Amino acid sequence: MTLLHLQLFWGESQQTFLGLDELPELAELSLRQKSDLHAWYSTRRKILKHEAHSQPWVKVAAASEAIEIALTPSGSATAQCLFGTGISAGSWNIQDGVLFIQLQDEQTLWEYRVVGNALSNIHSAAEYINGKPHGMVKLIQVKPR
């Protein structure tokens, strides 16, 4: 289990997104929180490289636009707002089963750190904007084109 897992669990269970340096220590969690964390972690999985680029993804969040993200086998990424005209480009890679996506336009750098969900195609992600923790988002794998 990594700090990213704790960050995502905390965001989903406490509805509070914290930076990695703001997270409680595991020893500080109550027995109930530790039990809930281990139950949540048991439903996570590694994302595989071939599945990452074989289908489009949709990023959704409570307070932002839905975005379609396309990943190529070569490691490039493009994103387009589903209900707007915004387009950005960047790159992606997988490290230890975690999908990292970086997208950029003229003013903003978005980073997504995605942990796979073993129970559905709706995955948990931490969103960073211009290097700062911004919030929890979900990335959904959709049917291949």
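Remarks
- Local charge for W10 was computed over the other residues whose Cβ lies under 15 Å away, with Lys and Arg +1 and Asp and Glu -1, and equals -3.
- Taking the chain as the region of interest, the number of lysine pairs whose Cα atoms are within less than 28 Å, with members eight or more places apart or on different chains, is 14.
- Amide H partners (placed H, <5 Å) of R45, local residues excluded: G116, N117, A118
- Helical contribution to [θ] at 222 nm, DSSP H n ≥ 4, -39,500 (n - 2.57), averaged over the chain, rounded to 500: -5500 deg cm²/dmol
- Between N93 and A62, the modelled label-to-label distance comes to 3.3 nm, taking each label 7 Å out from Cα in the direction of the beta carbon.
- The stretch 70-145 shape via C-alpha gyration tensor axes, a/c threshold 1.5: rounded
- Crossing angle, helix 3-14 versus the chain [Cα axis fit, 0-90 degrees, rounded to tens]: 80
- Here the peptides 19-31, 53-65 are ranked by packing, the mean other Cβ count within 10 Å, and the order with the highest first is 53-65, 19-31.
- 0 to 90° range, to nearest 10: angle between helix 31-41 axis and the chain longest Cα axis: 30
- In plain terms, the bigger the Kirkwood radius, the slower the diffusion; for the chain, with that radius from Cα pairs, at 37 °C and 0.692 mPa s, Stokes-Einstein puts D at 209 µm²/s.
- The amide H of L109, built 1.01 Å from its N in the peptide plane, has N130 as neighbours under 5 Å, considering only residues 5 or more places off or on other chains.
- In the chain, taking the dipole from charged Cβ atoms about the Cα centre, the farthest positive-side position among W110, A63, Q33 is held by Q33.
- Highest mean first, the peptides 32-42, 110-120 sorted by other C-beta atoms within 10 Å per residue fall in the order 110-120, 32-42.
Only the coordinates and a few stated rules stand behind these numbers; no lab work does. Remember, it's a predicted structure, so these values are computed and weren't measured experimentally. Reconstructed Cβ throughout: ideal geometry from the backbone, glycine too, with neighbour counts over all protein chains shown.
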